[in-house]
Amino acid sequence: MTSMQQRAELQRQIWQIANDVRGSVDGWDFKQYVLGTLFYRFISENFANYIEGGDEGINYAELENHVITGDIKDDAIKTKGYFIYPGELFSNVSANANNNENLNTDLAAIFAAIESSASGYPSEVDIKGLFADFDTTSNRLGNTVKDKNTRLAAVLKGVEGLNIEQFEENENDLFGDAYEFLISNYAANAGKSGGEFFTPQHVSKLIAQLAMHGQTSVNKIYDPAAGSGSLLLQAKKHFDAHIIEDGFFGQEINHTTYNLARMNMFLHNINYDKFNMMLGNTLIAPHFGDDKPFDAIVSNPPYSVKWIGLDDPTLINDDRFAPAGVLAPKSKADFAFVLHALSYLSSKGRAAIVCFPGIFYRGGAEQKIRKYLIDNNYVETVISLAPNLFFGTTIAVNILVLSKHKTDTTTQFIDASGEGFFKKETNNNVMLDKHIETIVAMFDSKDNVEHVAQSVAYEKIAENDYNLSVSSYVEAKDTREVIDITQLNAELKTTVAKIDQLRMDIDAIVAEIEA
């Protein structure tokens, strides 16, 4: 069995577990237990491997809790960010899960202990509340304690049965891949609610490559609407670790999704000192504003959500929005996210942001913001993508690429919405690697390609009222059939002659009948 086949088999197994164990519970409601259990197994094995340090004579899971000294615990927390006693390890809890009448309360106590182990250490903010959504007392698990324990044991045993050890060389990647596979499936099955926090991997890959394009190194990468962290992690997957020097930063407004993102970081073997995920509303309570600007920014913010806007008179003086001289409309916060990202961008960096198409042609405040962006030469490229690439929406979105180091005043427009840029699948369209490579190559070259790509002078955009719709500058290919008028007239003449002859024949027959 090839590596790809093994990976596919692992994914099949984990999705079957997720469905079998949940019973009558809605998959979206039950996702926290499957995802949380996978995370629990990962950090348990990761921590045990750290303590053992490759010494085959040590089996951390077999040690007694009381033999662990304070110095061992202190050093481990400083390095790993948390501590797990041998008796709290996933393997030991799972081994006795079916016979443990106190399983739900034992798990709650273990999760609380893991989180509290970081109290007073630099990792406290990264560990605190990680298991908050793994509610072992929830009626979703069952009406009685016995029912709850039965379902919890089934989840533990299911995740225990996953044969991840067969991929020893890439074990960390496999845990991360399995986690993202689960999130992707949950998002796909949840429709719109899932699509709000998950950007499909193929789209994430394109966005990450655009933001990181041409960089030999970046100080750090940031997502102001981080969701489950999938966009940030694509940057890790497709670029050498040393390229991103100071790590991964993000902010997320939804508490459950914020926890998913932090788990996702750990599962992709990003240690607590290499990521900083914060909870809160990016537009009105932003974090990292006092930090050094970011060399790479990626984002898929929510489309046209409401925000406080003009109802907060102080926002027009906010350093993020003041330069544009106008706030994004209260009913459409899209450009508020764009301006936020721009203000956090370094002089050498790029931001690649998924945007709702309407913001590129509507009037009012949005037109004034476009004018500000173009007049100050911040817009490098606008790319229109194919429809139905995202979960829960069929909208054909755009990618806006911002830069503060452009060498000319032209703006590039790429129409990547045609059939040559995606593959049709049952529920959603997907971009394959070849499609992504084609788009990135066009982005790099800035060459004009008939019906696909056009670099447009500043003056032309200004004359066009700062309209940034791709269709305004890239002429669509005329796919209508070319008609030969001369040939058509000849065919019509022949057809008319045949009709006239038929009429004469019919008239003769009728005359003969009437005679």
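The values are calculated or read from the model by the stated rules, or taken from the named source; none is laboratory data. A quick note: this is a predicted structure, and the numbers were derived from the prediction, not measured. Cβ placement follows ideal geometry from the backbone for every residue including glycine, while neighbour counts extend to all protein chains displayed. These area figures cover heavy atoms from the full protein model, side chains too; ligands, DNA and RNA do not enter into them. Shrake-Rupley method; radii C 1.70, N 1.55, O 1.52, S 1.80 Å.
Quick rundown of the values:
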| item | result |
| --- | --- |
| Residues (open to solvent by less than 20 Å² (accessible area, probe 1.4 Å) and touching a Phe, Trp or Tyr at 6+ places or on another chain (Cβ under 9 Å)) located in the stretch 226-251 | A226, G227, S228, G229, S230, L232, L233, A235, G247, F248, G250, Q251 |
| Test for A118: is it open to solvent by 40 Å² or more (accessible area, probe 1.4 Å) and small (G, A, S) | no |
| Members of the stretch 84-107 that are in a helix (DSSP H, G or I) and hydrophobic (A, V, I, L, M, F, W, C) | F90, V93, A95, A97, L103, L107 |
| Conditions (1) in contact with an Asp or Glu (Cβ under 8 Å, 6 or more places away or on another chain); (2) more than 26 Å from D295 (Cβ to Cβ): number failed by S403 | (2) |
| Odd one out for I353 among (1) open to solvent by 10 Å² or more (accessible area, probe 1.4 Å); (2) within 17 Å of S304 (Cβ to Cβ) | (1) |
| Scope the stretch 387-415; condition among the small types (G, A, S) and under 13 Å from T199 (Cα atoms); matching residues | G392 |
| The stretch 449-463, residues that are modelled with pLDDT of 95 or more and either open to solvent by 60 Å² or more (accessible area, probe 1.4 Å) or touching a Leu at 6+ places or on another chain (Cβ under 9 Å) (or both) | Q454, Y458, E459, K460, I461, E463 |
| Breaking point among (1) basic (K, R); (2) surrounded by fewer than 18 Cβ atoms within 10 Å (Cβ to Cβ); (3) farther than 23 Å from A457 by Cα, for K348 | (3) |
| Condition met for E437 (under 16 Å from G420 (Cβ atoms), modelled with pLDDT of 90 or more and either open to solvent by 60 Å² or more (accessible area, probe 1.4 Å) or not in a helix (DSSP H, G or I) (or both)) | yes |
| Total residues in the stretch 227-261, condition in a loop (DSSP other than H, G, I, E, B) and without any contact (Cβ under 8 Å) to a residue 60 or more places away in the chain | 9 |
| Test result for N376, out of contact with any Lys or Arg (no Cβ under 7 Å at 6 or more places or on another chain), in contact (Cβ under 8 Å) with a residue 60 or more places away in the chain and not hydrophobic (A, V, I, L, M, F, W, C) | no |
| Members of the stretch 468-499 that are at pLDDT 95 or above and either more than 24 Å from T407 (Cβ to Cβ) or part of a strand (DSSP E or B) (or both) | S469 |
| Whichever residue in the stretch 121-149 is in contact with a strand residue (DSSP E or B) (Cβ under 9 Å, 6 or more places away or on another chain) and assigned to a helix (DSSP H, G or I) and, among such residues, is most open to solvent (accessible area, probe 1.4 Å) | V125 |
| Some residue of the stretch 306-322 being open to solvent by 40 Å² or more (accessible area, probe 1.4 Å) and closer than 25 Å to S228 by Cβ | yes |
| Within the stretch 19-66, tally of residues that are open to solvent by 70 Å² or more (accessible area, probe 1.4 Å) and part of a helix (DSSP H, G or I) | 5 |
| Qualifying residue in the stretch 219-228 (condition: under 28 Å from D133 (Cβ atoms), at pLDDT below 90 and among the β-branched types (V, I, T)) | no |
| Residue satisfying all of: in the stretch 252-302; of a type in the set (A, V, I, L, M, F, W, C), under 16 Å from the mean Cα position of the chain (by Cα) and open to solvent by 10 Å² or more (accessible area, probe 1.4 Å); nearest to H405 (Cα to Cα) among these | I253 |
| Complete set of residues in the stretch 405-427 that are buried (at least 20 other Cβ atoms within 10 Å of the Cβ) and over 28 Å from S346 (Cα atoms) | S417, F421, F422 |
